[in-house]
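Read-outs: derived from the displayed coordinates by stated rules, not from any lab. What you are looking at is a predicted structure, and each value in this text was computed from that prediction instead of being measured. Note: ideal-geometry Cβ built from the backbone for every residue, glycine included; neighbour counts use all protein chains shown.
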């Protein structure tokens, strides 16, 4: 395909608890980005319930697709291709989006492109920063993933570091639950941390021997739980704001340190962030300070493009389309899909 020709992608995302559809032109220009969130439903359960998420996706999927096309001022016949998240994620939730995309592609005789959810998160930076091009280093931080990825070129990725246990966002959710904040934990921890002292409590920073770019957050999560239990046993009052601030600082320090170390060793001067936790103000401030000290360029999307959305899937799908990636009716949901798998 001629890169100068405009290419419109209808993108669908349903990997977790957001039902989303978007129309994206040439991987950078968003004509519409419709998101139906289920947060209020899952809050009462303290986290995402997969069966409920799947049922809600079924209820909303056609509605968000129709709304995305209408807001973009286009029709299915005018779309060049259909992109959809097919992994990783909740298998039932993924199946709703994949089934819808396959049906639309078959009915409209349009190319179908399966997209990796995390590659979508990385690609959100192309929408937010029109000038950004590979190669660059990307820190992916979300509820289910913590990765350090070298983006060698469009669609070509190398994972150089990842979590050995809890993802950063998962740790935020568990600590938030422990101190009585509820779900979702990330935004609530951030708000409470603003009232606390980040040096009040010394929580551990994990290092993985022989894997300097890998992460581990189960230790800091356990340390917070042990601290809370100890205070309860001693009948000492817990300053929740100090706990939130000290925990957040422990996580942010490790994320920034590993990313900067990798960039320095690899000689990469462009760093991006992606995923829900990339909208955390403390992480952004810490990474911005570290990058400015070294003259590195830092990129991250606005918050709406950090959380799950279909615009990022449309961006990733466009570059897959240029690479000749096509899927047929055998495309299936792959809940444990690895980055770079096709």
| Length gained when the stretch residue 288-residue 222 is fully extended (0.36 nm per residue, less Cα-Cα span) | 20.9 nm
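Taking a ≥ b ≥ c as the square roots of the Cα gyration tensor eigenvalues, with a/c under 1.5 meaning rounded and otherwise prolate when a/b beats b/c, else oblate, which class fits segment 135-300?
Details: a/c = 2.12, a/b = 1.93, b/c = 1.10.
Verdict is prolate for segment 135-300.
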| Sequence ranges 137-147, 244-254, ranked by mean other-Cβ count within 10 angstrom, highest first | 137-147, 244-254
| Where a ≥ b ≥ c are the square roots of the eigenvalues of the C-alpha gyration tensor, would you call segment 55-143 rounded, which needs a/c under 1.5, or, failing that, prolate if a/b is larger than b/c, or oblate? | oblate
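Take the alpha carbon gyration tensor of segment 73-207, find the square roots of its eigenvalues, order them as a ≥ b ≥ c, and report rounded if a/c is under 1.5; if not, report prolate when a/b exceeds b/c, else oblate. Kindly include the intermediate steps, with their values, before the conclusion.
Details: a/c = 2.39, a/b = 1.79, b/c = 1.34.
Here segment 73-207 falls in the prolate category.
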| Cα point-scatterer Debye curve for the chain, base-10 log of I(q)/I(0) at q = 0.08, 0.09, 0.15 Å⁻¹ | -0.38, -0.48, -1.22
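Grab the beta carbon distance between residue 5 and residue 165, set R0 = 41 Å, and tell me the FRET efficiency rounded to 0.05. Write down the numbers at each step before the final one.
Details: r = 46 Å, r/R0 = 1.12.
The computed FRET efficiency comes out at 0.35.
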| query | Considering only DSSP beta bridges with both partners in the chain, what is the antiparallel share in %, to the nearest 5? | reply | 60
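Ranked highest first by the average count of other Cβ atoms within 10 Å around their residues, in what order do 323-333, 172-182 fall? Spell out each step's value before the answer.
On the way: 323-333: 14.4, 172-182: 19.9.
With the highest mean Cβ count within 10 Å placed first, the list reads 172-182, 323-333.
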| Of the listed peptides 10-21, 53-64, what is their order by residue-averaged count of other C-beta atoms within 10 Å, with the highest listed first? | 10-21, 53-64
| Which angle from 0 to 90°, rounded to the nearest 10, does the C-alpha axis of helix 91-108 make with the longest principal axis of the chain? | 20
| note | Pseudo-spin-label distance residue 158 to residue 80, built 7 Å along Cα→Cβ, given in nm, is 3.0
| segment 135-300 - share of DSSP beta bridges that are antiparallel (%, nearest 5) | 60
| message | Can you compute the modelled spin-label distance between residue 28 and residue 197, with each label point 7 Å from Cα toward Cβ, in nm? | response | 4.9
| note | Rounded to the nearest 10, the angle in degrees between the Cα long axis of helix 50-72 and the longest principal axis of the Cα atoms of the chain comes to 50
| said: At R0 = 25 Å, how high is the FRET efficiency between residue 212 and residue 129 if r is their beta carbon distance? Nearest 0.05 is fine. | reply: 0.35
| query | Distance in nm between label sites at residue 336 and residue 232, each 7 Å beyond Cα in the beta-carbon direction? | reply | 3.3
